[in-house]
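First comes the structure, then the notes that go with it.
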Amino acid sequence: GENVEQHPSTLSVQEGDSAVIKCTYSDSASNYFPWYKQELGKGPQLIIDIRSNVGEKKDQRIAVTLNKTAKHFSLHITETQPEDSAVYFCAANSGGGADGLTFGKGTHLIIQP
Amino acid sequence: NAGVTQTPKFQVLKTGQSMTLQCAQDMNHNSMYWYRQDPGMGLRLIYYSASEGTTDKGEVPNGYNVSRLNKREFSLRLESAAPSQTSVYFCASSANRGTNEKLFFGSGTQLSVL
């Protein structure tokens, strides 16, 4: 089955700096890679996703890059703000089935004022 | 616009007790899911329903049962709770039939089994 590794587990950056979170996956058949943001006491919320036929996708201050050859994908947040503080999860969907979404263990992003 | 609503938000059970977690979505989504979240473990799929009338096991189904009551509602039942089921439970839905994409999550149920 799919295995998703996420690093780092905790990331502290100064407000205004950039943050990068990295994930690797094991199943070369994986074709969909979402990122979720979870604020304290709330459920995860989809912030961006990318399919395997695209190398990069951007939405305002966030972007995701995908390297299929190396089987890794990354979340980039620029000009970080206090409201970016949260836990971020990557995931990979191997095979496209409803049961195929495997999540990473999460990264706690802390924005220092 | 409520999205995905879960009840209750908190619950404490004794070992062996039973309970049902309720979930309803008002987005006319086809697929619904139950996940559990444990510290350092990410989210793991318990059961899912790709469409009304169907349910299937996920990664960690043991000790749970589900019912897709109608298109809106998907409940999770613990027949005989065990301490290992202490966790935060999330219900989710997606518009696409059985693809696990673009999930909308509820706010969770924190369950403690003593």
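Taken residue by residue and averaged, Cβ atoms of other chains lying within 10 Å of the Cβ of B:79-89 number 0.
Each 10 Å bin from 0 upward holds the following percent of the Cα-Cα pairs of segment B:1-77: 17, 50, 30, 3. When each of the peptides B:59-69, B:29-39, B:6-16 is scored by how many other beta carbons lie within 10 Å of its residues on average, the order from highest to lowest is B:29-39, B:59-69, B:6-16.
Counting protein heavy atoms only and a 1.4 angstrom probe, how many square angstrom of accessible surface do chains A and B bury in total, to the nearest 100?
That pair of chains buries around 1600 Å² in total.
Pairwise inverse Cα distances across segment B:43-114, averaged and inverted, put the Kirkwood hydrodynamic radius at 13.0 Å. The lysines whose alpha-carbon is closer than 24 Å to the alpha-carbon of A:Lys57, local same-chain residues fewer than 8 away aside, are A:Lys22, A:Lys37, A:Lys68, A:Lys71, A:Lys105, B:Lys102.
Per-residue counts of other Cβ atoms within 10 Å, averaged by peptide: what ranking do you get for B:70-80, A:46-56, A:30-40, highest first?
The peptides rank, most packed first, as A:30-40, B:70-80, A:46-56.
So for chain A, considering every pair of alpha-carbon atoms, how many percent are separated by more than 17 Å? Counting every Cα pair in chain A, those more than 17 Å apart make up 51 percent. Mind jotting down the distance between the C-alpha centroids of segment A:54-82 and segment B:71-106, whole Å? So the separation of the two Cα centres works out to 28 Å. What does the charge add up to near B:Arg72, with Lys and Arg as +1, Asp and Glu as -1, over the other residues with Cβ less than 14 Å from its Cβ? For residues surrounding B:Arg72, the net value is -1. Inter-label distance, A:Arg61 to B:Asn62: 4.5 nm, where each label sits 7 Å from its Cα along the C-beta direction.
Site pair A:Thr69 and B:Ala2 shows an inter-label distance of 5.1 nm when each label is modelled 7 Å from Cα along Cα→Cβ.
With both labels modelled 7 Å from their Cα along Cα-to-Cβ, the B:Met27 to A:Ser9 distance reads 3.1 nm. For A:Asp27, the accessible surface of its heavy atoms amounts to roughly 50 Å² (probe 1.4 Å, protein chains only, rounded to the nearest 10).
For the protein assembly as shown, a Kirkwood radius taken over Cα pairs fed into Stokes-Einstein (10 °C, viscosity 1.306 mPa s) yields D = 88 µm²/s.
The values are calculated or read from the model by the stated rules, or taken from the named source; none is laboratory data. These numbers come from a predicted model, not from an experiment. Positions of Cβ are generated from backbone atoms using ideal geometry, with glycine treated the same way; all protein chains shown enter the neighbour counts. Just the protein is used for accessible areas: all its heavy atoms, side chains included, with ligands, DNA and RNA removed. Shrake-Rupley method; radii C 1.70, N 1.55, O 1.52, S 1.80 Å.
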